[in-house]
Amino acid sequence: MRYLLLLLCSTFLMHASESDSVPRRIPKLDLESLSPDSFMVESDIVNMSAGWFPRVGTFRSIELSGSDGLIFLDGIFHQHSNISGDVFGMSGLTFNKNTGYSIDDRIPLLPFSSEENDEDFIEQEYSTQYLRTRFSIPELGMLLRIGLGIRFVNSMLFAEDNSKSYLNLQNSLAPLHELHAISLDETELMSHVSFELPFYGASLDLLGQQSYSFYSLFGGMNLNYVLESNLTHQSIIMQGRDEIRYPSGSNILTLQKRSFMQEIERIRMSIETGLGWEFGFGPLHLGFEGYVLMPLNSILKNHEWNTIFIGLRSSVGISF
């Protein structure tokens, strides 16, 4: 029995040493195929692309889009800060985009009262509403966007006049500070052409039905035509309004209100660029974008007055 046990143990050890001496074949693992950044599935039933620069399938949509500047700002920024008052019929003054007074200081007061009158208040603002179509170009991995709509813009410039004095209640001369405000209220017909490049997201084409969610960069050109333009020039008492008013009893006096069509450039061009998020599920399309409009020509024919528009835009539409 002792010899039998020794024989079995030696046989087991020999087999173990032989199996350890034989090299094992380790399967190769392609780590690139497991990259979470992108993957693609293509078949007769489903086409899917996800990750960086996803391939968007063929679709067309018509969308209603709108914008009204930024959330806490009007979104209008003037490039040229100094414009001679001769342009507006006010020689001796220089108009620019900045003023040392806040919006609350410019609110009109009721005649011979300290109560505010918000109904006649003029402030800088703009808004757009337009229809656009989006066409995917799968061969280029991009989308073409064409739009037509209306833009409403009220741009303002300011000039301070500290050259006057008034007789106060103490029967002595006191400085009278006036703020001249130029408001250019315009209605423009807006046309838009741009290209959109999805750079991250996913796209799914299931049985010919397109769905997607991606972030995108876009850039293009805007061409606007001014349909209506009206200029309003007001003088506002900033210091001394508690003791003196204009003949109307208010702290604001309208000096001129007229059409400004001959001095303005009616055809405006600008470059548009921005970043957005687009979502589509079946026939429904939604989008949110932040954009910048850089002007290519001036508002006025013979004087430099350019405005940059920065805003947020939303859109909703359907496939067709």
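Picking from residues in segment 123-148 that are β-branched (Val, Ile, Thr) and under 23 Å from the mean Cα position of the chain (by Cα), the one that is nearest to Leu286 (Cα to Cα) is Thr133.
Identify, please: which residue in segment 61-97 is of a type in the set (S, T, N, Q) and within 22 Å of the chain's Cα centre (by Cα) and is, among those, nearest to Leu131 (Cα to Cα)? Only one residue tops the list, namely Ser65. Are any residues in segment 60-92 touching a Lys or Arg at 6+ places or on another chain (Cβ under 8 Å) and part of a loop (DSSP other than H, G, I, E, B), and if so, which ones? Selection gives Ser81 alone. The criterion of at least 3 residues that are crowded, with 18+ Cβ neighbours inside 10 Å and out of contact with any Lys or Arg (no Cβ under 8 Å at 6 or more places or on another chain) is met by the following strands (runs of 3 or more DSSP E) wholly inside segment 241-320: 267-281, 307-319. Residues that are in contact (Cβ under 8 Å) with a residue 60 or more places away in the chain and either of a type in the set (A, V, I, L, M, F, W, C) or within 12 Å of Ala159 (Cβ to Cβ) (or both): does segment 123-130 have at least one? No, that holds for no residue.
Candidates in segment 102-112 are the residues that are in contact (Cβ under 8 Å) with a residue 60 or more places away in the chain and either surrounded by 16 or more Cβ atoms within 10 Å (Cβ to Cβ) or polar (S, T, N, Q) (or both); of these, the one that is farthest from Gly201 (Cα to Cα) is Leu109.
No lab work stands behind these numbers, since they all come straight from the coordinates. Being a predicted model, the structure only gives us computed values, none of them experimental. We place every Cβ from the backbone using ideal geometry, glycine too, and count neighbours over all the protein chains shown.
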